Amino acid sequence: MTDRETQPADGSGLSLVDTPRTGGETPEKTATDAAQHERVSAAVDPTGSAPVANAPAGTQPRDLPPAPRPTATPDRTLHMIGNAHLDPVWLWPWQEGYQEARATFWSAIHRMEEYPDFVFTCDQIVLLSWVEESDPELFEQIKRRVAEGRWVNVGGWWVEPDNNMPMGESFVRQGLYGQRYLESRFGIPSTVGMNVDPFGHNAMLPQILRGQGMDSYTFLRPGPHESDLAPSLFWWEAPDGSRVLAYRIPFEYCSPPGSVDGQTEKALASLDRTVGFGENATAMVFYGVGNHGGGPTIANIESIHRYDRMGSFGRMTMSSPRTYFDEVLGRGEAFLDALPVRRDDLQHHAPGCYSAHSGIKAWQRRAQFAVLNAERWAAVVAASDGVEYPREQLETAWKQVLFNQFHDILPGSAIEPSYDDARDQLGEAVSISKRIVTRAHNIIARQVQVDREDGTQPVLVFNPHPWPVSVDVDFQYGAQRGGVHVVDEAGEPVVFQNSQSTATTDDVSRGAVVFRADVPALGYRLYRLRPGPGPGVASGALTVTQDTLENEHVRIRIDQETGWISSYLVKATGVDVMAGVDGTQHTQINDDPTDTWGHRVISYAWPGATMELKRIVVRETGPLRSRVRVERAWGASTLVEELILDHDSAVLRVNVTLDWREQAHLLKLRFPTVLEDPKATYEIPFGHLERPVDGAEEPAQSWVDLTGTVDGAAAGLTVITTNKHAYDVSPGSQEGGDGPSIGVTAVRSPVYSWHDPRLLDPEGIYSFQDQGVQRFSYELVPHAGDWRTADPVRRALVLGNPVRAMQESFHDGDLPPVHSFAGDGGGSVMVTAMKGTEDATDAPGGADVVVRAVETRGEGGRSRIELPLLGRTIEEDFGPSQLRTFVVPADPAEPVREVDLIERPLP
């Protein structure tokens, strides 16, 4: 829609009052306006000489001077922030958001032509990129207004993402691509973080924002009624000590298209008294039609002028968040030191979004892992073989990932068709990444020395993680009618067992084997499939029956009535964290009448119906691992859990296949324990956080830990999942005899985009989420009282991002059969990214190597990051939960240098 078109009743687009007042007006129109003003004045004073007095509504002459205000005007400055919150996807597809960005931005430009004091604040850099590619004329107008200081770009992120579920690296990339875009197009990055509409904010964000050059942050949720966060203006401090000056927007980020008096009154009512009231008070009030875009209207702007003249609310000035924060920061150390400090995340709003639409959660995780893998292997072959670093392809993939982290896509709150687009876009990111990885692995593989051994099949196993892994590799093979056994690069047997082929055909040469692979950090190892069963390999005692899985580390009992664990004994300590627990609690199904967002939900941890146990089957037993299959059903739905115990591990891995056919219901998987005096720890992006044991629905990355005591001995249980982000840790009840437990919301099936308070029509026809088959995995990790010993951060990454095995041929090569390109030593400091530089260099492949690492245990530590790829080692001290980034030049004469998260030199 154009600036001159009208606004629909739903509030999208522009207001009916937004007929342009300058720029395109005819002389006849201007004369008509003047005559109308004269008629109004004459109606008050027939002589037409009396000045216009205060009037809260009605037509008034334009361009009246703002001063003098009444002496009684409150001593308060309100920074009026004109903006246009635009959801690129929500109740509409992204294609509609694409068009609306252009219409909204033209509207803002026209308001600037009409009102010399009007300032427009813009975030979500993707919207600017859309306008740049579709309307060059408009983009040039925006550049001109940015240079004037009247178009202010804030936020610095590609979109306004959900702030709980993306991986830490995703928040880095939001700013990497957003800030670099602003610098390249306008020469000015953002210094103010702004993410107004997501449903919570993780506690590590202040460190990320500071690393991206932003010293302040503006947000809306949680509101004053939703958390213990009382102040409107405060210091927000990350676990590493990084701070930003944070401001919670009072009342709302957008407004109706008419007068702003209602918006201002409600904003003042929402402010805490120390900010909005008192001597020389100052605050921000946001206005402008939003959600579907639109922006500030003529009626908005003229009412601000009118109420500023009247002094109704204090001094009202067209402003930007940067101007406001500069004013606050200029008040001096005494004022700033007196501000409260928040050392926690900012929750909660709409906790149903942690579990709504399982598909988008799974697609997102898969895509994030895929692009990170592609970066690592592309950097390896760029540095080692001079292969051009695929910078543009990776940027395309990342931007698809980042876009679909938008706060109405990843949380599951958009309309159903938008998830077809999300699946396709994230599929593009995965496809790009797979091509990059496949090319890199083949470039490496052709250089590995693989000796000829007739009748065998070489297999290279690639480890994407910058630490060594010991994992089970499932491999499908052909041309071996008599089966195979597995040896390593030296010809030594490795532990293996036959498995079920994915090919159900008459071709008996097709088969499957699972074997233990020990692969070095970010490297590979050569294995070989030899024909025939081969020699046995001693692997320690491993027994499995329908009711017991046992090795030298643990003994796990399965209750035959409930199908769930009734004992999990760790032999080294003699502690059983699940002794005699009630297995009927493991599956809990509830009727779920809450809307898609889960508005006003505190907890989903309610007693529920138990799924009916159908059968328990020993599916696999051998020297490497055992597998027991437990099948359940409820209503039209089925749940299959395959419990897998390796011969040398105390960890139980469970592969889940859920076929969900229930509408407006939810399924909790609960893990009850007998722990006493427990504490709960949740993984958040780049870190962890303790939270109360109170049954609240909480977000987490991949794991939650419950630590306490059993009969006085320290003990704990960590639950690690793939693709799930909704958890609770519940205290249990003495009356029922059940103990503390960890709950995972495996599935919710609300109606798409159903928003309370609308009620569903009992006779209506609706589409419900999460109908059909989904798969995920989880691990149960018992420990002796310190979750750090279980190393859940790295375990979760290996579980969610497995190694890759590929068949190879015989050939000569200069590379050895086992090799590592980079490693972090597996300690508290973990490498989270290894990639090429964003700017091309003279290095092989056109890129030096960027390495980012974070301290994972909250204790601080010293890194030793070895880079055999470049013949370098990075040894640096890290503070607790500190995130640091280094550029490692390919030229050994150049020193390693530390950079910020945008890859700029540190100040």
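Quick notes on this structure:
- Condition check for Ser107: among the small types (Gly, Ala, Ser), outside the structural domain of Gln405 (by TED's automatic domain parsing) and either outside any helix (DSSP H, G or I) or out of contact with any Pro (no Cβ under 9 Å at 6 or more places or on another chain) (or both): no
- Some residue of region 760-773 being of a type in the set (Asp, Glu) and part of a strand (DSSP E or B): no
- Lone unmet requirement of (1) in contact with a Ser or Thr (Cβ under 9 Å, 6 or more places away or on another chain); (2) surrounded by fewer than 18 Cβ atoms within 10 Å (Cβ to Cβ); (3) part of a strand (DSSP E or B) for Thr709: (1)
- Residue count for region 403-418, restricted to those that are under 17 Å from the mean Cα position of the chain (by Cα), part of a helix (DSSP H, G or I) and over 16 Å from Gln124 (Cβ atoms): 0
- Failed item, numbered, when Arg452 is tested on (1) surrounded by 14 or more Cβ atoms within 10 Å (Cβ to Cβ); (2) outside the structural domain of Ala521 (by TED's automatic domain parsing); (3) not polar (S, T, N, Q): (1)
- Flag for Arg629 being at pLDDT 95 or above, among the basic types (Lys, Arg) and farther than 18 Å from Leu669 by Cα: no
- Note on region 445-470: residues that are in contact with a helix residue (DSSP H, G or I) (Cβ under 7 Å, 6 or more places away or on another chain) and of a type in the set (Val, Ile, Thr) amount to 1.
- Any hit, region 165-182, residues being part of a loop (DSSP other than H, G, I, E, B), in contact with an Asp or Glu (Cβ under 7 Å, 6 or more places away or on another chain), in the same structural domain as Met80 (by TED's automatic domain parsing) and more than 20 Å from Ser413 (Cα to Cα): no
- Residues (under 29 Å from Asp786 (Cβ atoms) and not in a loop (DSSP other than H, G, I, E, B)) located in region 846-872: Val851, Arg852, Ala853, Val854, Glu855, Gly861, Arg862, Ile865, Glu866
- Any hit, region 548-565, residues being under 22 Å from His819 (Cα atoms), touching a residue at least 12 places away in the same chain (Cβ under 8 Å) and among the charged types (D, E, K, R): no
- Of the helices (runs of 4 or more DSSP H) that lie entirely inside region 310-398, those containing 3 or more residues that are over 29 Å from the mean Cα position of the chain (by Cα), in contact (Cβ under 8 Å) with a residue 60 or more places away in the chain and farther than 29 Å from Thr191 by Cα span 358-385.
- Failed item, numbered, when Ser184 is tested on (1) without any contact (Cβ under 8 Å) to a residue 12 or more places away in the chain; (2) closer than 17 Å to Phe105 by Cβ; (3) polar (S, T, N, Q): (2)
- For region 118-155, a residue qualifies if it is assigned to a loop (DSSP other than H, G, I, E, B) and more than 19 Å from Val89 (Cα to Cα), and the qualifying residues are Phe118, Val119, Asp135, Gly149, Arg150, Val154.
- Taken over region 812-826, the residue count meeting the criterion of being in a loop (DSSP other than H, G, I, E, B) and either of a type in the set (A, V, I, L, M, F, W, C) or crowded, with 16+ Cβ neighbours inside 10 Å (or both) is 5.
- Here region 65-104 is the region considered, the condition is being among the small types (Gly, Ala, Ser) and part of a loop (DSSP other than H, G, I, E, B), and the residue that is nearest to the chain's Cα centre (by Cα) is Ala84.
- Which listed residue, of Val152, Val89, is buried (at least 19 other Cβ atoms within 10 Å of the Cβ) and touching a Lys or Arg at 6+ places or on another chain (Cβ under 8 Å): Val152
- Restricting attention to region 733-755, the residues that are closer than 26 Å to Gly200 by Cβ and either in a loop (DSSP other than H, G, I, E, B) or not assigned by TED's automatic domain parsing to the domain that holds Thr584 (or both) add up to 7.
- The set of residues from region 873-906 being acidic (Asp, Glu) and assigned to a strand (DSSP E or B) comprises Asp877, Glu898.
- Qualifying residue in region 99-109 (condition: closer than 30 Å to Val850 by Cα, in contact with a Phe, Trp or Tyr (Cβ under 9 Å, 6 or more places away or on another chain) and of a type in the set (Phe, Trp, Tyr)): no
- The set of residues in region 187-208 being out of contact with any strand residue (DSSP E or B) (no Cβ under 8 Å at 6 or more places or on another chain) and crowded, with 24+ Cβ neighbours inside 10 Å consists of Phe199 alone.
- Residues (hydrophobic (A, V, I, L, M, F, W, C) and over 20 Å from Arg315 (Cα atoms)) located in region 225-253: Leu229, Ala230, Phe234, Trp235, Trp236, Ala238, Val244, Leu245, Ala246
- Count of region 311-368 residues which are of a type in the set (Lys, Arg) and within 30 Å of Leu666 (Cα to Cα): 3
- Just one of the listed residues (Pro206, Pro198, Pro224) is in a loop (DSSP other than H, G, I, E, B) and modelled with pLDDT of 95 or more, and it is Pro198.
The values are calculated or read from the model by the stated rules, or taken from the named source; none is laboratory data. None of these values were measured; they are calculated from a predicted model. Positions of Cβ are generated from backbone atoms using ideal geometry, with glycine treated the same way; all protein chains shown enter the neighbour counts.
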